[in-house]
Amino acid sequence: MMAAKSSLFLTAFLLLSISQGFSQYTRHRQIQPSRPPLSTWVVAASKDSVTICVAYSLPCPKIIFTKIGSSHNTFGASLSFSLDEADSVTGTTYHSFHRKEITVDRFSMTRDPKLYCQDFVVLTLPRSTYRATSEVRDDNQQIKYLDYTEIEHLDPVSQIGIVSTFFVDSLSGSILFPEMRENVAPFPESISAVVLAQGTGSEPIEATLKTTTGNIISRSDSITPLKVRLEPGTYGNVFGFTERPDSAFSTYIARFRSDTLRDGKYELEFTSGGKSEKLNFHYSWLDKPLSLVDFTTALSLLKYIVPDSLYSLVNSGNEREKREKFESYWKSHDPTPNTAYNELETEFYERADYATEHFRTLVSETGAATDRGKAYILYGPPAKIKREFLSGGTYEIWYYPNLQSVLIFKEERFGEFKLYRTEKS
C-alpha cells in the first residue's frame, strides 16, 4: 500500500487543474527584497542628454484601499509619485511628479501579494551624476509607501552605442513588460533582452548567451535595429513600453531559447562592427515557492507523497547527497523532462506554501502539518467547501469531483480540524 502512495498521488495530481493564469492586471513576479520596488531605464540618449524612465511596483497588500461610492466590490487608492534628480556638478534639481488613481473590482485583489500597482515618471537630463530621491505616497491616507535616495551615473558609455539593456518578462502584441529588477531575466521564461542604442545607426548586433566562464550556450540571429522608440505607459495597473515607429531611434530585441537552463548567473555578449560589450545577469526564479527555497522544509514535505523507505533513503547522507537524491526524485516525475522547469514540483510546493499560510492553528503553527493542510497539498483546492453545524459538532466538507471523493473534517477544538472520514462521491 505504501509503495503505491507516490504513483497514486502523482496520478491524482495531474488530474487536477494547474493554477490558472492571471489577468493582464497581474505582475506575478516578486520584487527583490533588498532594495525598494523601483527601477530606472535610459530610454533615449543624445550627445548631451539622456531621457530616463523611473517606475515603481508595489504589491497590493502593501497599499490601503478604500471602498468607492456605494459599490460593494469597487476599491481604490490615490498614489502620488515624485522624483527629484540633483545634479552633483551644477547643483541643479530636476523634478517630475505624477498622480495615479488605482481601482480594483474585487476586495480579494487588494490582498493578493501577486498583484501589483505600478506607475512611472519620465525626465530628460544633462549627462551627469545625480542624487535621485523618489517618493510614493497616499496623501488621503497620510501614508508614505516609498522614500528612497541613490546616486545615479547618467552618462552611459558604450563601445557599440548601447545606452540601456533590460529583460522582458512578458510580451503582449506591441507592448513590452520589463522585468522590474536590474540585470535579471525571469526563470523559466525564454530570455528576451531589449537593447536601446544611441543614434540612428543601422549596424546589426549579434547577441551571444554564455555561462559566466565564457562557454557559449546559444547565439541569437543577427539583429537588425527596429526603427521604433519605446513609449512608457500603464496598461490597467501594469507598467510597460509600447513600440512607436520613429526613425530617430534604434531598438533591438534579442531572444534566446532557454528552457534547458536552470536559474543562475549568465552572461550576454553583444557584438557589432568588431566591437563587443558584456552584460552579466541573473536568470532568477523570482516567484519560487518559499517552501522550495528552504531545502530542509522542501525535503521534509516529501514524506507526504513517498513511501517511508524512499524518504529515509533521500534523507540520508550529507547535504550534497541529499540534494542530489531530492533533485533526482523530482526529475523522475517531471512531466517535461527535457526542460529545466518542473511543473509538478512547482505546483506541489505552491500548494505547500498555501497550506502553510492558510491552515495554521493555535496548536499547529505550520499549516502544512494539519490534516486540512496535508489534504490541500495532496489533492489541491477542492471544487467546493461546505460548513455544517450539527449537534455532534462543526464539520467542514471538501468536494473533489475529479477524484470522486469527499473529505469530511471535524473541529476537535477551536480552529483545529481533523480528518473525520472520506467518502466516495
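The values are calculated or read from the model by the stated rules, or taken from the named source; none is laboratory data. Because the structure is a prediction, the values reported are computed rather than measured. Every residue, glycine as well, gets a Cβ built from its backbone with ideal geometry; the counts of neighbours run over all protein chains shown.
For region 272-296, enumerate the residues that are surrounded by fewer than 18 Cβ atoms within 10 Å (Cβ to Cβ) and among the hydroxyl-bearing types (S, T, Y).
S276, T296, listed by residue number.
Conditions tested, residue by residue: (1) without any contact (Cβ under 8 Å) to a residue 40 or more places away in the chain; (2) in contact with a strand residue (DSSP E or B) (Cβ under 6 Å, 6 or more places away or on another chain); (3) under 29 Å from G380 (Cβ atoms).
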residue	(1), (2), (3)
S250	no, yes, no
R262	no, no, yes
E267	no, yes, no
E277	no, yes, no
L286	no, yes, yes
V293	yes, no, yes
L299	yes, no, yes
D308	no, no, yes
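Evaluate region 341-348: report whether one residue or more is out of contact with any Leu (no Cβ under 8 Å at 6 or more places or on another chain), acidic (D, E) and in contact (Cβ under 8 Å) with a residue 24 or more places away in the chain.
Yes, because at least one residue in region 341-348 is out of contact with any Leu (no Cβ under 8 Å at 6 or more places or on another chain), acidic (D, E) and in contact (Cβ under 8 Å) with a residue 24 or more places away in the chain.
Are there any strands (runs of 3 or more DSSP E) wholly within region 314-420 with 1 or more residues that are surrounded by fewer than 14 Cβ atoms within 10 Å (Cβ to Cβ) and on the phi > 0 side of the Ramachandran plot, and if so which?
Those strands (runs of 3 or more DSSP E) span 393-400.
Can you find, within region 383-425, the residue that is farthest from T361 (Cα to Cα) among those that are of a type in the set (F, W, Y) and in contact with a strand residue (DSSP E or B) (Cβ under 6 Å, 6 or more places away or on another chain)?
Y399
Out of all the residues in region 263-295, which are under 30 Å from I160 (Cα atoms), within 20 Å of the chain's Cα centre (by Cα) and hydrophobic (A, V, I, L, M, F, W, C)?
Hit for region 263-295 is F281, nothing else.
Could you check region 89-105 and list, in sequence order, the residues that are closer than 21 Å to T51 by Cβ, polar (S, T, N, Q) and surrounded by 11 or more Cβ atoms within 10 Å (Cβ to Cβ)?
T92, T93, S96
So for region 12-27 (the condition being under 23 Å from D147 (Cβ atoms), modelled with pLDDT under 50, of a type in the set (K, R) and under 17 Å from the mean Cα position of the chain (by Cα)), does at least one residue qualify?
Yes, region 12-27 has at least one match.
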